[in-house]
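J.: Next up is a structure, given as structure tokens.
The values are calculated or read from the model by the stated rules, or taken from the named source; none is laboratory data. Keep in mind it's a predicted model, so treat the numbers as computed, not measured. With ideal geometry, Cβ positions are generated from the backbone for all residues, glycine too; neighbour counts draw on all protein chains shown.
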Amino acid sequence: MTNNTPKIKGTHIRCKGKVEKNYEQVPHSIFRYLELGLISGNDLAVYIMLLKNDNNQKLYAYPTVNQLSIWTGINSRTVKAATKRLELVGLIRKEKAPGYANKNRYYVNLPHEKEVLEKLVPELKAKLDLKISKLEIEAEQDKQRLEVISTYGRDYKSY
């Protein structure tokens, strides 16, 4: 949040439960793509907007890059890069709209389930597992350090 961002009070309405607004359901397995580093947060924002605008009758989404840019708050160059990455990892298929030089059709695919995705990119899974194990070791070291501090106080090195 920058200094220019206005402070706004929240609605204090929970998103889950009996909410009477229109919400998009996002497949949980999309977050494994983030964890594995296959997509970025910007890519996820573009994917969600494409998913939101996927037309059930036509079976594709057709927003312009400028519309995606406005809806996501991401510049158009980054939106274009995001659609390329989403296409590369199989989350969307993009093709030119017939009769429109600067318009695309986006066919939005459901993400692979966690187990299937991990089999497709075992090297990324191994890298993530290593990162998780390092974080678990750090957490255990932090826990031990806090136990010592709570027992002896902040100057435990002098004991």
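J.: Just the residues that are more than 15 Å from the chain's Cα centre (by Cα), over 17 Å from Asn102 (Cβ atoms) and at pLDDT 95 or above, please, taken from segment 47-72.
T.: Scanning segment 47-72 gives a single hit, Trp71.
J.: For Val108, which of the numbered conditions (1) at pLDDT 95 or above; (2) within 14 Å of Asp43 (Cα to Cα) fails to hold?
T.: (1)
J.: Now for a different question. Tally time: how many residues in segment 94-125 are farther than 22 Å from Pro27 by Cα, in contact (Cβ under 8 Å) with a residue 24 or more places away in the chain and surrounded by 10 or more Cβ atoms within 10 Å (Cβ to Cβ)?
T.: Residues flagged as farther than 22 Å from Pro27 by Cα, in contact (Cβ under 8 Å) with a residue 24 or more places away in the chain and surrounded by 10 or more Cβ atoms within 10 Å (Cβ to Cβ) within segment 94-125 amount to 3.
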